[in-house]
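Visitor: What follows is a single structure, and I will ask about it in a moment.
The values are calculated or read from the model by the stated rules, or taken from the named source; none is laboratory data. Please read all numbers here as calculations on a predicted model, not as lab measurements. Here the Cβ positions follow ideal geometry from the backbone for every residue, glycine too, while neighbour counts run over all protein chains shown.
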Amino acid sequence: MTVAVKRCRLGGIAVAALLGGGITTSAFAQATASLVSAVLPSSRSVQIGQTATAFATIINAGTATGTACSIAPSTTIPANFAYQTTSSATNAPTGSANTPIDIAPGASQSFIISLTPTAAIPPISVGFSFSCTNAASAPLTTGVNDLLLSGSATPVPGMVAMSATASNDGIVHIPGNTGTGAFAIASVNVGATGDLTVSADTGSAGIPLALTLCQTMPSTGACLQSPSASVHPTINAGATPTFSVFAVGSGAIPFAPATSRVFVRFTDSGGAVRGSTSVAVVTDNPTTTGSASILLPGPSVLGTALTQADVGKIISQVVQEAKARGKPATIAIVDRLGAVLAVYAMNGAPATFQIESNPNGPNATQLIDGLSGVANLGAVPLVPATLEAIAKAVTGAYLSTSHGNAFTTRTASQIVQDHFNPGTMGAPSGPLFGVQFSSLPCSDLNVRYSPTADLSSTTRGPHRSPLGLAGDPGGFPLYKNGELVGGIGVKAEGPYRVDEYIYDNDHSTDEIEALAGTIGFDTPAAIRADTINAGGITLRYSDATPSDFVTTPASAPAYASLPVGTGSLLSVSGYYSSADGLRAGSPYGSSASGIVQDFSGTVSTSVPPYLLVDGASMVRYPAVAGAGPSAMTQAEALQVLKSAYASAIQTRAQIRNPPGSVLAVTISVVDVYGTPVGVATLPDAPVFGIDVSLQKARTAVFMSSANGDAALKSTPANPAGGPSVGKFSDAAAAFFGRPVFSGGYAWGARAIGNISRDSYPDGIDTTPNGPLSLAKNLSTPFSVGLQLDLILGNIKSHLVSVVTGDPTADTPPFCTALPAPPGSPTGKPVMANGEQIFPGGFPIYRNGVLIGGVGISGDGVDQDDMTAFLGIYNAGQALGTGLGEAPPAIRASTLYGNGAAPHYVNCPFAPYVGSNSQNLCAGK
Amino acid sequence: MRRTLHFAALSVLALAIAGTAVAQDEFQKPGAAIQGPVPDQNPGALPAPSPDLEYRQVPIPDRNRIMDALGVPDQALNPYQQSTLKGDRPVYGEDWYVAVSSVLDTLYEPRTVPVPTNVVSTNRQLTNDQFGRPRQTFFAETLIPTFSIIKGDTTFKPPELEFTVTPAVKFTHLGVDELGIADVNPAKGRNRNSGFIGFQEAFIDYHLRNVSDRYDFDSVRVGIQPMNADFRGFLFQDQQLGVRLFGDRANNRFQYNLAYFRRIEKDTNSGFNDLSKPLRRDNILLANLFVQDLPVTGFTTEFSVVENWNREAAFHYDSNGFQVRPAVFGFDAPHKYNVTYFGLNGDGHFGRINLTHSFYYALGNDSLNEISGKKANIRAFFLALEPSIDFDWLRIRGSFLYSSGDDNPGSGTETGFDAITENPQFAGADSSYWIREGIPFIGGGGVGLTGPNSLIPALRSSKDEGQSNFINPGLLLLGIGADIDLLPELRIALNANHLSFNNTKILEILRQQGHIRDDIGWDLSATANWRPFDTQNMIFRVSGAVLVPGDGFKDLLSSQSEDKLYYSVVLNLILAY
């Protein structure tokens, strides 16, 4: 067992390295136990019925004793699990099996864990919950504290491997950007003899590193052959081969032991992993050439999600604070993909709230007062608080990411108004003006809850929001161990609104109570909105701070102990059934979440993208050929996706920390009918951008198509309860002196946005509105003009359906009452998830013929704009098939109205990290 | 050649004076024999009056009117003759004078400056990137007449009372290649014409008393008046509304100022005082003492304390519609600050080495650090040195300047130095590109890297209308220059300055951009000042400057073309009466 002793020590060091890497502690953290953990070896491969064992160590890095600490698998697999404490000196088991133990602050406890497969298990990363009753589970890091387990029906090789680095701390140090580092591996085959391939990789992270390896003489460490990408030894049962791995850098690698790792894997002829080990890698004395080192979005730690207990704890924390304040609340909690995990209404909480109305409205019969107007219509006098809470929770989850940015509904409020910052003059509108009307209840992309289906069925993927995204303070993201796991929305007081003057403290009850719910699930301080700048302006996170609390959220009573009469879970038709009780969230990236990482290399090998999948794990929007005249081939659609993706993974993020990070966006490519012909998401991209990127692509296509004006004018009055929108076509024609949505002009989302603001040019208070906007005195973030009018009927149907509990009254699963374009194979309107009016979408042409569009969303608008624009241009260059940008002569920037032309594309300053090239779009 | 002739003439004159001194010395030597009368060397000259001549008194009006008696009339428009308009003779009573002067300044300035394209509009096809075309032309015509009424003897002792008013008229034209630069509204196009009349001086100066028979004095001056807090305009050089008590002691060895200013809002495009707007809620209290011959003869040292407290909590927009207070910067929220500057300045020479130095330490607090959103202290400093040495008609100058930067933006202490209103006469002054041109911090908010006529990259919205900003990257300037008096009427100045930021952290934060380098680049400039009549009445000035961008500048800014270097050319004619 001497080997095992060494394993445990290595495990401890790996954990220490993680701590050193700066697990971000929250500004709102309470004194508590805080856990980190390690598992060695990192993989086991056994036959069914045989037991795979590994050693685990938990370190309590907190300030309080961790009580009743235990280990349980967090991945569901057909295997029996047991754990038992061991002596760290001898590795001999101590105590009795499956018995929790207290761990003093600063102390560590070693365990032996065992998994005995009861059925065949393909190689799977088994995550564990290392938790104490007073401490959340240790953060999961692939290669550090997961176990790659496989169980097979027949005898298979089972490699137990361990790594040794020169510094003996589990870290390979690369001297300088282009230096070489090395580490050694000792292994033993505890299974059957087999032919294995041994290779090294960096997991899902894009790390500038070339890896080679060789098998070595155990006695001397000398290579048995020239190092190469992989070696293919036959390893006998009981054999103990050794290997050396060489890593040659090609760029600076920051110290990030959770993400910057080298994995060595032993795979069999069937591709199944039969053993693995990993080390962290870092560049010593990095030199930065160009303008920055590249910080790619890290992969999410698989397995992190809200548990039922977490959901209960969050509710209880809000309830305690709301009770003490005498402001009972309605609370919604969603996971990262917007699945509603609970809706809880405290007794006495108001059931409905008015949507803030324009003082110059409402004129409900004409629906000119937007959302509040629809709320005043007949069957739906006011909007249920449950829907407002859900929209706020979804917004907190959707606008945020694990490793780049954490935004709240207050952030949303700041960036959707007529000026940025709101309340000032002269400045253009908020960069995401219009995002409030995304993830709509009618979206054909966002999925719906069905009471007959659980989270693992066809309801996988991003969920819809009943009111689009919210700007009403009181919606926050929720984090566990630094991973985004969902959002919380609270509605207790006041109208559903936006904050129109951001320079004071609102003392918002909703926000204070919601913040109480986030305690223990705090946003990492380093990525909070108020540390991120757009256009030199700091984004807002929250007016509420823990000093506003009148209770101590962390010591809220257990959810189960809340006395009768406190409140109850509330069913919300189309979102949540109280019969489900508290629900656990799906880990982002798990197939149950509906978004998984794709290692096929189809779109990108360097940064594997995330793709939407359905309940059958089929990719929902693979790259396919488009339809229509001169349609994109499958290869062309894929090339546009790849070119946009390749540009994106170099592009400097505007809304991610630290400065100099690469952005995280979603790319959607559509054909001329608006049908998706390819969707890919960068790792850790915010979920809102999935729906919005599709909206942008479709908006560009619709407005540039020959059919646009005709479609707008053909909608009957009040289709599905919504207003006629032909007047906007007329207004645009009058504004520019000619019809502009009839195929003669190429419109991108930016140019459409320019004419969809309540002043034209945007931001100039003394000028009248653009033709697709309402007049200035009627315009509010809840009532913008064409964008909302296109979907008002859908929202009205949806509200009626929710309030009456009648699912059949709900909106059809696509937005707008516009006719489908002639020849559409789907029969759906082009903008089937609604129009979008902020930058990042362009039409694609072939020799002057419109054939589709690209939309990108998730980062700064100029970044979205550039990556979409360059995606088309670079694809055109690569293909040489005539596919390319709109001809300059027909771009909307050739039109003049009110003394100014719309802007077609605006590519940002210092666009690429690691490069100081500028003006990437010049002349294109 | 001409220079040599002047030199020869001066030498002859010096020798003649020396010779006379020698002769007199001998004449007065005790015991020396009295020499006979010097023979007449100048036949035809008027003979000396006889000592026996009867004394007769001829009344003449006064010294001012004596020229009349001599038949030389007053010429109001010729400043080189006796002129009533120049205070040469009283206009009322015995001691009321008027003095009128006027300057007509014509400026034409083609230049290139990085500018953004307008994000919501465009004026031509293929405007696809954030950086626009950099070419601009600027024209300004300025007339500055000054009218003074002075009571007192204007020649032999300080005046007792003075009323001065200086209205100033300016017309400017700006032509740029991008929209949204000349005016916040892109629909207003690429050109801006603007005219303004402001009051640059309007004060009463009252001579309180003389404190010695050498006319050491105390005076008080109330109203809009010029003020420079140091020798080179590093901290506060402006024409502002204030009350100033000043005077000297010990035969002018000590001079002092005690002043309070309340700042007047400036017109955006002329930079002149705009009395139609409410006064700014910004106050300056200043106390300084100049000591001559400290530490050595020929060197003057100034000790100063300047307090600036700013209470501007309301939003303010400039004449072109751009937000200037609070600056669009970080939290972009109204804030107030108090800052006290402790200054030690000097000007003079140590032997043959001329030296000007300026040191300021700024100590204060800011109600809101725009990066952290919390209160912060201000601790910053500034140091400038200019040693020079003269070789006859050639002066070689070295320039060193360090303005501290904020190395931890958002911490509890702001450590970037900023002035109140700088107009630095240093390292080439307004012929240097970096100092002359305002450079927008594109993508980093509504602020400039530097304002016009300023050195410090203070990230202010406007030098004239914005608040000071102590969260800035700071500046290190190392330069060398030469002033060459080629002819008495022609001076050439050459300057080469290397500029770098001290800490780019704040730039990285505001732009959400990693690793912005320090190197701003080289600023190379040449100026010719030609005074055809050897006077200040007509000055032609031609200057050209280029900024050769360094890596840090390239990380930040670019242009659609011509980004290898940026230039500014100044053609300037100044006519003075």
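Visitor: Given the criteria under 23 Å from A:S857 (Cβ atoms) and not hydroxyl-bearing (S, T, Y), does A:V435 qualify?
Guide: Numbers: under 23 Å from A:S857 (Cβ atoms): yes; not hydroxyl-bearing (S, T, Y): yes.
In short, yes.
Visitor: Conditions: (1) in contact with a Leu (Cβ under 7 Å, 6 or more places away or on another chain); (2) at pLDDT 85 or above. B:A76 meets all but one. Number of the miss?
Guide: Unmet condition: (2).
Visitor: With (1) touching a Lys or Arg at 6+ places or on another chain (Cβ under 6 Å); (2) modelled with pLDDT of 95 or more; (3) outside the structural domain of A:T651 (by TED's automatic domain parsing) as the list, and A:Y873 as the residue in question, which single condition is left unmet?
Guide: (3)
Visitor: Which condition does A:D598 not pass, out of (1) in contact with a Lys or Arg (Cβ under 7 Å, 6 or more places away or on another chain); (2) under 30 Å from A:P208 (Cα atoms), if it passes all the others?
Guide: Going through (1) in contact with a Lys or Arg (Cβ under 7 Å, 6 or more places away or on another chain); (2) under 30 Å from A:P208 (Cα atoms) one by one, A:D598 breaks only (1).
Visitor: Among the numbered criteria (1) farther than 27 Å from B:I492 by Cα; (2) part of a loop (DSSP other than H, G, I, E, B), which single criterion is violated by B:L449?
Guide: It is condition (2) that B:L449 fails.
Visitor: Only strands (runs of 3 or more DSSP E) wholly contained in the stretch A:585-682 count here; list those with 3 or more residues that are in contact with a strand residue (DSSP E or B) (Cβ under 9 Å, 6 or more places away or on another chain) and touching a residue at least 60 places away in the same chain (Cβ under 8 Å). Lay out the reasoning, then the answer.
Guide: Values: elements: A:595-597, A:610-612, A:666-671, A:676-681.
The qualifying strands (runs of 3 or more DSSP E) are A:610-612, A:666-671, A:676-681.
Visitor: Let me ask another. Select, from A:Y645, A:Y588, the only residue that is more than 14 Å from chain B (Cβ to nearest Cβ) and either touching a Phe, Trp or Tyr at 6+ places or on another chain (Cβ under 8 Å) or closer than 19 Å to A:G678 by Cβ (or both).
Guide: On the way: A:Y588 fails: either touching a Phe, Trp or Tyr at 6+ places or on another chain (Cβ under 8 Å) or closer than 19 Å to A:G678 by Cβ (or both).
Residue meeting the stated conditions: A:Y645.
Visitor: So is A:G876 facing chain B (nearest Cβ under 10 Å) and either in contact (Cβ under 8 Å) with a residue 60 or more places away in the chain or surrounded by fewer than 24 Cβ atoms within 10 Å (Cβ to Cβ) (or both) or not? Walk me through it before giving the result.
Guide: Working: facing chain B (nearest Cβ under 10 Å): no; either in contact (Cβ under 8 Å) with a residue 60 or more places away in the chain or surrounded by fewer than 24 Cβ atoms within 10 Å (Cβ to Cβ) (or both): yes.
Criteria not met by A:G876.
Visitor: Here is a list: B:S543, B:S558. Which entry is crowded, with 22+ Cβ neighbours inside 10 Å, under 22 Å from B:R111 (Cβ atoms), touching a residue at least 40 places away in the same chain (Cβ under 8 Å) and within 14 Å of chain A (Cβ to nearest Cβ)?
Guide: Working: B:S543 fails: within 14 Å of chain A (Cβ to nearest Cβ).
B:S558 is the lone residue from the list that is crowded, with 22+ Cβ neighbours inside 10 Å, under 22 Å from B:R111 (Cβ atoms), touching a residue at least 40 places away in the same chain (Cβ under 8 Å) and within 14 Å of chain A (Cβ to nearest Cβ).
Visitor: Next question, about the same structure. Filtering the stretch A:905-918 down to residues that are in contact with a strand residue (DSSP E or B) (Cβ under 8 Å, 6 or more places away or on another chain) and more than 7 Å from every other protein chain (Cβ to nearest Cβ), which residue is surrounded by the fewest Cβ atoms within 10 Å (Cβ to Cβ)?
Guide: Initially, the stretch A:905-918 is screened for residues in contact with a strand residue (DSSP E or B) (Cβ under 8 Å, 6 or more places away or on another chain), giving A:905-913, A:918.
Adding the requirement that they be more than 7 Å from every other protein chain (Cβ to nearest Cβ) leaves A:911-912.
On the way: A:P911: 24, A:Y912: 21.
Of everything passing the filter in the stretch A:905-918, A:Y912 is surrounded by the fewest Cβ atoms within 10 Å (Cβ to Cβ).
Visitor: Hey, A:C921 hits all of (1) facing chain B (nearest Cβ under 9 Å); (2) closer than 19 Å to A:D671 by Cα but one; which does it fall short on?
Guide: Only one criterion is unmet by A:C921, namely (2).
Visitor: Still on this model: For A:S824, only one of the following conditions fails: (1) part of a loop (DSSP other than H, G, I, E, B); (2) among the hydroxyl-bearing types (S, T, Y); (3) closer than 30 Å to A:K924 by Cβ. What is its number?
Guide: Result: A:S824 fails condition (3) only.
Visitor: I've got another one for you. Quick check on my filter: what residues within the stretch B:177-216 are of a type in the set (A, V, I, L, M, F, W, C) and within 14 Å of another protein chain (Cβ to nearest Cβ)?
Guide: Step one: list which residues in the stretch B:177-216 are of a type in the set (A, V, I, L, M, F, W, C), which gives B:179, B:181-182, B:184, B:187, B:196-197, B:199, B:202-204, B:208, B:211.
The answer is B:L179, B:I181, B:A182, B:V184, B:A187.
Visitor: It is to be established whether one or more residues within the stretch A:709-716 are charged (D, E, K, R), surrounded by fewer than 24 Cβ atoms within 10 Å (Cβ to Cβ) and away from chain B (no Cβ under 14 Å). If you could, list the steps in order and put the result at the bottom.
Guide: Pass one, the stretch A:709-716, residues charged (D, E, K, R): A:709, A:713.
Okay, now just the ones that are also surrounded by fewer than 24 Cβ atoms within 10 Å (Cβ to Cβ), so A:709, A:713.
Then keep just the ones that are away from chain B (no Cβ under 14 Å); that gives A:709, A:713.
Taking every residue of the stretch A:709-716 in turn, at least one turns out to be charged (D, E, K, R), surrounded by fewer than 24 Cβ atoms within 10 Å (Cβ to Cβ) and away from chain B (no Cβ under 14 Å).
Visitor: Given A:S125, A:S131, which one is in a strand (DSSP E or B) and at pLDDT below 85?
Guide: Values: A:S131 fails: at pLDDT below 85.
Within the list A:S125, A:S131, the selection yields A:S125.
Visitor: Assess whether B:D534 counts as being more than 12 Å from chain A (Cβ to nearest Cβ), in contact (Cβ under 8 Å) with a residue 40 or more places away in the chain and surrounded by fewer than 18 Cβ atoms within 10 Å (Cβ to Cβ).
Guide: Values: more than 12 Å from chain A (Cβ to nearest Cβ): yes; in contact (Cβ under 8 Å) with a residue 40 or more places away in the chain: yes; surrounded by fewer than 18 Cβ atoms within 10 Å (Cβ to Cβ): yes.
Yes.
Residue-by-condition table, conditions (1) within 13 Å of another protein chain (Cβ to nearest Cβ); (2) touching a residue at least 40 places away in the same chain (Cβ under 8 Å); (3) farther than 17 Å from A:K713 by Cβ; (4) part of a loop (DSSP other than H, G, I, E, B):
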| position | (1), (2), (3), (4) |
| --- | --- |
| A:G743 | no, yes, no, yes |
| A:R750 | yes, yes, yes, no |
| A:Y760 | yes, yes, yes, yes |
| A:T766 | yes, no, yes, yes |
| A:L799 | no, yes, yes, no |
| A:V803 | no, yes, yes, no |
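Visitor: Give just the number: which of (1) in contact with a Ser or Thr (Cβ under 9 Å, 6 or more places away or on another chain); (2) within 30 Å of A:P477 (Cβ to Cβ) does A:G628 not satisfy?
Guide: A:G628 satisfies every listed condition except (2).
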